[in-house]
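Colleague: Okay, here's the structure, questions in a sec.
Any read-out appearing in this document is the output of simple, stated calculations on the displayed coordinates, not a laboratory observation. No experiment lies behind these values; they were computed from the predicted model shown. Cβ coordinates were reconstructed from backbone atoms using ideal geometry, including for glycine residues, and neighbour counts include every protein chain displayed.
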Amino acid sequence: MSEIEKRMLPAQQCELRAVPPSDGQSGPAKIAGYAAVFNMRSDLLGGYFVEIIAPGAFDEVLAQDVRGLFNHDPNYLLGRTISGTLRLTTDERGLAYEIDTPDTMTIRDLVVAPIARGDMSGSSFAMRVAPGGDTWHEEDGVVVRTIYKVAELRDVGPVSFPAYPDSSAAQRSLDAWKQAQQEGIAAHSLSEREARDRLLTMIELKALGAK
């Protein structure tokens, strides 16, 4: 089962833009924007919960080999951190990226031009949350997931249709938290995170035994 989760950021939050070459310089345009913002609730995910990304969640993945992709499609590789054509930084707002786009007609027509016109509607990233890197709680009838640590950042980049697809990895984590609540495992002797991790281990062992 894949642990990779995809998250999208709407246009009004991602500040996606095409940056033309500076005066007197030549070369392809750059793409810049935010792939994620901190301390802001997402839309409802999977119809079950909202999500918040805490500052510092990406601190340990900025040096990883991350791709810049259009619509998460590996056929449209825009840049890569290992080659220096994709640069990742974090600030008080969130996870920012800048990509030196390939100087090809395909990328200019499909990606750069729509961004420059304001047609491209958001940014996205694909991640794997670290074990124990998130917590769950209920607030005013809404289940809230807070992500504190990302173990893997797979890709970032612009997307045509920002949306929050269902995530099986997040759903399994949510189900474990709900079960812990129902069975009273998250008692005073166990933290919420410890209870959820214990249940996840039990679920994984049960799945392995059923094979």
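Colleague: Can you give the FRET efficiency to the nearest 0.05 for Q12 and N71, using r as the Cβ-Cβ distance and R₀ = 22 Å?
Modeller: Computed FRET efficiency for Q12 and N71: 0.70.
Colleague: Would you mind telling me the antiparallel percentage of the DSSP bridges in segment 5-164, rounded to 5?
Modeller: Beta bridges within segment 5-164, antiparallel portion: roughly 85 percent.
Colleague: Another one. Computed over the Cα atoms, what is the radius of gyration of segment 71-158 divided by 2.2 N^0.38 Å, N being its residue count?
Modeller: Against the compact-globule rule of thumb, the ratio is 1.35.
Colleague: Taking amide hydrogens as modeled 1.01 Å from N in the peptide plane, which residues meet the under 5 Å criterion relative to K149, leaving out close sequence neighbours?
Modeller: It is A130, by chain and number.
Colleague: Just to check I understand the Karplus step: with θ = phi - 60° and J = 6.51 cos²θ - 1.76 cosθ + 1.60, what whole-Hz values come out for segment 100-107, glycine and proline as x?
Modeller: 7, 6, x, 8, 10, 5, 4, 5
Colleague: Given Cα positions, please report Rg to Rh for segment 5-164, the hydrodynamic radius being the Kirkwood one.
Modeller: 0.99
Colleague: Once you treat every alpha carbon in segment 20-87 as an equal point and sum by Debye, what is log10 I(q)/I(0) at q = 0.12, 0.27 Å⁻¹?
Modeller: Each listed q corresponds, in turn, to -0.49, -1.19.
Colleague: Then there is this: List the residues, sorted by chain then number, that are 5 or more residues from G122 or on another chain and whose placed amide H is less than 5 Å from its amide H.
Modeller: V159
Colleague: Can you figure out the FRET efficiency of S22 with A63, using R₀ = 30 Å and their beta-carbon distance, to the nearest 0.05?
Modeller: According to the calculation, E is roughly 0.65.
Colleague: Turning to a different aspect of this structure: In what sequence do E3, E51, E138 fall when counting other Cβ within 10 Å, fewest first?
Modeller: E138, E3, E51
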